[in-house]
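Coordinate-derived values only; no laboratory data. Here the structure is a predicted model, which means the values were calculated and not measured. Using ideal geometry, Cβ is built from the backbone for each residue, glycine included, and neighbour counts are taken over all protein chains shown.
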Amino acid sequence: MMEKMIFGRYVPADSVLHRMDPRSKLTMIFLFVCIIFLANNWQTYTIIGLYTFLMTGLSKIPVRFLYGGLKPVIWLVVFTFLLQLFFTREGTLVFHWGVIKIYSEGIKMGFYISFRFFFLILMTSLLTLTTTPIEITDGLESLLGPLKKIRFPVHEMALMMSISLRFIPTLMQETDKIMKAQIARGVEFASGPIKNRIKAVIPLLIPLFVSSFKRAEELAVAMEARGYRGGEGRTKYRLLSWKAADTLQLIFLAVITVLLILFRS
Amino acid sequence: MKKEIVSLKDVTFQYDGQERNALNQVSFDIYEGEWLAIVGHNGSGKSTMAKLLNGLQFPKEGRVTVCGIELNEENIWEIRKKIGMVFQNPDNQFVGTTVEDDVAFGLENMGIPREEMIHRVEDSLNRVKMDQFLSQEPHHLSGGQKQRVAIAGVLALRPAIIILDEATSMLDPRGREEVLETVRALKNEKSLTVISITHDLEEAAKADRMIVMNKGEVFREGTPDEIFSMDEQLIALGLDIPFSVKMTKAFREKGIQLSKHYLSEEELVTELWTSRSRM
Ligand SMILES: Nc1ncnc2c1ncn2[C@@H]1O[C@H](COP(=O)(O)OP(=O)(O)OP(=O)(O)O)[C@@H](O)[C@H]1O
Ligand SMILES: [Mg+2]
């Protein structure tokens, strides 16, 4: 179950977005998060909306996956909408019933802000849905490369990320095993008062911690035995390749930015 | 004449905060191209010895020489290219997110150019028959498969020596045979030297030579024949003689001749029924 939550994220498909370099995708998302704040009227929101839907279409991700991923946050979007709707006190009063007062600005802001929120979530999900975690790691390592000059441990961070990714499934399997072993000893994880259930986590966490430390120690020895001595002088097996499509995507996003600046009020 | 590839001279080692020496005045040679089995009870210092061979630890006293180079802090990286190690737990030595990444890990560390890396990754996975699993993630592999990937990772670095530190002890009999077969084939093909640390005496019986460790010291050194002939002493050390070895011995005492000196259980059975049917 837990495995699905994290690893069900990447959906393999053969699409323009899937084939893009993770560096260009990361840059794109970063720019998108910035320029979305340029939108402030219906024209600009339409542009952003069209762009988001175009990208969603290009990703070839089946709608049910998108829906599955977005479902938990949809409520937040609705909540944001209601918050704006009821608490904005500007513009003309359009609806009045008891204590509930709805103003025209409230409706407008409600739509704008919840749409902005929705587009942001959709675009960032597209990133994780079309890019494997290890590609994201490689992309980040490469993009943050210049920070090495100021002694920021870019390589170490990337290695840590990839080792974590490598060990998540292993630790999940182990958690499952320990849980079963504890259930066999009479620990109840799924029923009983909340206090007991929290207590039940302890006999799960402690063995997990102990074994993780042991793993870490053995892994460190194994890595050293295979000649690992830090990032210096290391070559890379995985190759990132920037293609024409990547440049085009960024140019397209630049055009969108210009349009937003032109049409915003 | 046999040429030594590794030699330990009066090596003593102690872990910090430990009262007893983990190794005490250990001296022996390992010869080029041999299969050496090291056996001994838990805590007898086998793993410690393996770690001293490639500079994961340094001796307190004594000298370790590998391929003619005496080990010191400066040349450990050279030595580590020559000695590949495969450890016990298949999970805790798998560094990469996929099979190919894991094999490439050692190559990346050595700064091998990418074209060469791709070639070597493919070649070594071919040799351990794991080329079908190139982009597979480790949690989808069996223990035996992971160990074969670990061997491929070692092979890719073109070592002269492979150390298996209980590399098969967490595997089922089939996985164990898979891994050992792989190493045997590679050894013959590439004239590797294999040092196998093991609790499996059946496996040790097939080695060219054996070393028995006891409480941080070399208790006995010799061919499996010689080692197994001192059965009482072995049992006193907590090591049991494999059934097939006992059987062979019993047959010989009864005057029944067998083709080879030591046979695995299966070979023994085959040999017995074929010789019976000839009569
Ligand atoms: N990291 C360590 N720190 C302190 N003492 C250690 C450490 N590793 C091993 N020892 C001690 O050194 C001695 C030799 O251990 P070693 O691991 O070499 O034995 P071994 O022959 O490999 O045993 P096993 O068959 O259990 O693998 C033991 O007494 C052990 O307690
Ligand atoms: Mg050991």
*Note down the relative contact order for region A:82-174 as a percent, whole number, built from C-alpha pairs under 8 angstrom at least six residues apart.*
17
*Rounded to the nearest 500, what is the 222 nm mean residue ellipticity of chain B from helices alone, with -39500 (n - 2.57) per DSSP H run of 4+ residues and division by all residues?*
-12000 deg cm²/dmol
*Go through region B:43-139 and name the trypsin sites (Lys or Arg not before Pro) that are in a DSSP coil and have 15 or fewer other Cβ atoms within 10 Å of their Cβ.*
B:K60, B:K129
_Along each principal axis of its Cα atoms, how long is region A:147-225 end to end? Whole angstroms, biggest number first, please._
55, 28, 17
*Within the set B:K206/B:K246; B:K81/B:K190; B:K9/B:K51; B:K215/B:K246; B:K3/B:K51; A:K25/A:K243, which residue pairs have Cα atoms separated by over 18 Å?*
B:K215/B:K246; B:K3/B:K51
*Just tell me which lysines come within less than 26 Å, Cα to Cα, of A:K108; anything on the same chain fewer than 8 places away is out.*
A:K71
*asked:* Considering all alpha-carbon pairs of region B:18-133, what whole percent are spaced by more than 21 angstrom?
replied: 51
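At a Förster distance of 41 Å, what's the computed FRET efficiency of B:E232 paired with A:K177, Cβ-Cβ distance as r, to 0.05? All intermediate terms of the calculation are to be shown ahead of the outcome.
Working: r = 41 Å, r/R0 = 1.01.
For R0 = 41 Å, the calculated efficiency reads 0.50.
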_Lysine pairs in region A:147-225 with Cα distance under 24 Å, only those 8 or more apart or on different chains: how many are there?_
6
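Run the numbers on region B:97-247 and let me know its relative contact order in percent, using alpha-carbon pairs under 8 Å that are six or more apart.
Details: 165 pairs, mean separation 26.5, N = 151.
In percent, rounded to a whole number, it is 18.
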*Estimated 222 nm signal from helices in chain A, with DSSP H stretches of n ≥ 4 weighted -39500 (n - 2.57), rounded to 500*: -24000 deg cm²/dmol
*Please report the Cα spread of the protein assembly as shown along all three principal axes, rounded to whole Å, starting with the longest.*
111, 57, 56
*Given chain A reduced to its alpha-carbon atoms as identical point scatterers, what log10 I(q)/I(0) does the Debye formula return at q = 0.15 Å⁻¹?*
-1.18
